[in-house]
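One structure below.
The values are calculated or read from the model by the stated rules, or taken from the named source; none is laboratory data. As the structure is a computational prediction, the values presented were derived from the model and not from experiment. Glycine gets a Cβ as well: all are built from the backbone with ideal geometry, and neighbour counts include every protein chain shown.
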Amino acid sequence: MKPLKHPLVLFALFLLFCMILTSCELLDVQTAGGAPASTKTETTEKGEQTDMTTARQAETTAAPATTEAPATTEAAPVVPPVYEIPTDQVEPLSGTIMTKSNTFKVMTNYKGAVIDLTEIPYDTVTITRNADVSEMGYAFLTALPEKDKIPSYATGYSKVIWDENETATLAVPDDARYLYVYYLDAGKSYLPSSIVFTNTTVPTTFTVASWNIGHFSMGRNKNSAIPDDNYATEKPKFDSYVNSLGADVLILNEYSALFTPSHDARELFRQYASPFEGEQRNYSCNALYAKFPLKNVTLRNFACNTPDTVLHTTAIKATDYYYITGELTVGGKAVTIVALHLAFHDNLNPDTVCTNQMDELIATFADTERVIILGDWNAYRAEYYERFAEAGYTVGNDGSFLTCTGSKTGGLEWPVDNIIVKGVTMTDFRAVNTSLSDHVAVAATITLK
C-alpha cells in the first residue's frame, strides 16, 4: 500500500465532514420538537355534533410539525384518559324513541339527543342523571333513528334502557355508531348533567362467577314470579347476594328480562358496564354481564343439535340450549369468555345429549389459547368433566361442590354448575350458598399466566 500524501488536507476534510453531520443531527432534533401547527375550532350557536367532533379531533390528535422531517418523527395521536362532552355541545333531536311501541316519532315538547361516536375512541361511558328528573334513558344505535321506524340498536340493546340511578356506566358496543340519551320528567325532557368517556384497563387478576337464577322463581316458571308488591323486600336480598359474589364477570342462566312485572332485571346488575342478554328459549336464557368491555359478543348454537333432539319432555329440546362467547383484552392478550347452559337427558347413561355438546366445545376452542367456560352444565355425573381435564383444561368443580337442589332429598344433590379454564390460572374456586334459587352460584379468581 502506498503512503498517504498531504495528510493535513485529508484531516481537514475529515473535520469538515463531521461538522456537516453534526449540524444535520441538530437540525433534526430542533425540527422534531418544534411547535405544532395551530388548530382552530368553530362552534355554532346550536353546538352541532359536527362541531363537537371537530373539537374532539383537535383535542386528541397532535398536529404534525411544519417541516420536512420523516414520517417516523411525527407525534402519534394522543388520547386523554378521560373525555367529557360538554352537554351544551350536544344537539337535541325533536322527538323521542318510544319505549312501548319502540318507534321513533316526532313529538312536541319531547327531545332526545344522539352523540356521534365515530371520533370518540373510548370503550366505556358514564352518564350522570340530571338532578331535576327522576329517571333517564339510554341506548346505543347503529344508525340515526327515523320517524315511525324501529331504531337500529347496537349489540346488547333491543330498546331504550331506563335507569333511576344517579349514574349509568356502559361499555360501548363494537358496532355502536351513536349514543342516544333521553331524560323525561312530568312531560319535560332534559339532557344529562354529564357524559364522560374513559378506557377501561382489565386487571391481570379478576373474579368470575356463574349463577342459575331460576327465573326468580326457584326454577318453577319460565317467567318472573315475584309480584310487584314484594319488590321492596326481595330486591335487597338479590342485591346483597350478587354483591357478595364480587364478580367482575357474571354469567346468569335461566335469566328473565323482568324481575317483577314492572321492574327490569337489569336493576339488579347496574354495576356491570357490559351487559348481553340472550334469547329465551323455553327454560333456557343466558345473560353475560361484565364490569369490563366485552368485544365480539355472539350467541352460538350447538352444531351437534341442529335437528331437534327431544329431551325428557316434549317441551324441552336440545336446540333450546345455546352458549354466548365474548372477548376480554387483558394486557394485550385475548381471553375468550364462554357463557353456557347445556342440554341433558335424564334417561341416558351416559347422557350423550350433554356430552356431545361438551365434546363440541372442546373441538371448537382447541386452538384458542385462553378460554374461561362457565355456566350450568347439567352434568349430573361429575366424570363427564374429565374429558376437559384430558384436553388440558383446569376443572373447578370435580364433583366436590353440589350446586343444584334435587327432588330426592330437597337439598343440594348435583355438581352441575362449574367453571373450566385453559391458558389462565384459576384459584379459590367456591360455591356461595343461597336460598334465592334452586342453584347456588360458583365463583373463582382468574389470573393471567
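Given the residues Thr198, Thr260, Thr207, which is the only one that is within 18 Å of the chain's Cα centre (by Cα), of a type in the set (S, T, N, Q) and under 19 Å from Asn165 (Cβ atoms)?
After applying the criteria, what remains is Thr198.
Restricting the search to the stretch 121-168, which residues are among the hydroxyl-bearing types (Ser, Thr, Tyr) and out of contact with any Ser or Thr (no Cβ under 8 Å at 6 or more places or on another chain)?
Ser134, Tyr138, Thr155, Tyr157, Ser158
When you scan the stretch 282-315, how many residues do you find that are modelled with pLDDT of 90 or more, over 11 Å from the mean Cα position of the chain (by Cα), surrounded by 17 or more Cβ atoms within 10 Å (Cβ to Cβ) and not aliphatic (A, V, I, L, M)?
Of the residues in the stretch 282-315, 6 are modelled with pLDDT of 90 or more, over 11 Å from the mean Cα position of the chain (by Cα), surrounded by 17 or more Cβ atoms within 10 Å (Cβ to Cβ) and not aliphatic (A, V, I, L, M).
Would you confirm, using the coordinates I've provided, whether Asn397 is part of a loop (DSSP other than H, G, I, E, B), touching a Phe, Trp or Tyr at 6+ places or on another chain (Cβ under 8 Å) and surrounded by 20 or more Cβ atoms within 10 Å (Cβ to Cβ)?
In short, yes.
Could we say that Tyr380 is out of contact with any helix residue (DSSP H, G or I) (no Cβ under 6 Å at 6 or more places or on another chain) and assigned to a helix (DSSP H, G or I) here?
It is false that Tyr380 is out of contact with any helix residue (DSSP H, G or I) (no Cβ under 6 Å at 6 or more places or on another chain) and assigned to a helix (DSSP H, G or I).
Tally time: how many residues in the stretch 316-365 are over 18 Å from Phe388 (Cα atoms), part of a loop (DSSP other than H, G, I, E, B) and under 28 Å from the mean Cα position of the chain (by Cα)?
Number satisfying all stated conditions: 3.
Which residue, of Glu279, Glu254, is among the charged types (D, E, K, R) and touching a helix residue (DSSP H, G or I) at 6+ places or on another chain (Cβ under 8 Å)?
Matching residue, one of Glu279, Glu254: Glu254.
Among (1) buried (at least 19 other Cβ atoms within 10 Å of the Cβ); (2) at pLDDT below 95; (3) on the phi > 0 side of the Ramachandran plot, which single condition is Gly375 missing?
Condition not satisfied by Gly375: (2).
Select from the stretch 200-218 the residues that are in contact with a Phe, Trp or Tyr (Cβ under 8 Å, 6 or more places away or on another chain) and modelled with pLDDT under 95 and list them in ascending order.
Thr200, Val202
Report yes if Ala209 is surrounded by 19 or more Cβ atoms within 10 Å (Cβ to Cβ), part of a strand (DSSP E or B) and assigned by TED's automatic domain parsing to the domain that holds Asp417, otherwise no.
yes
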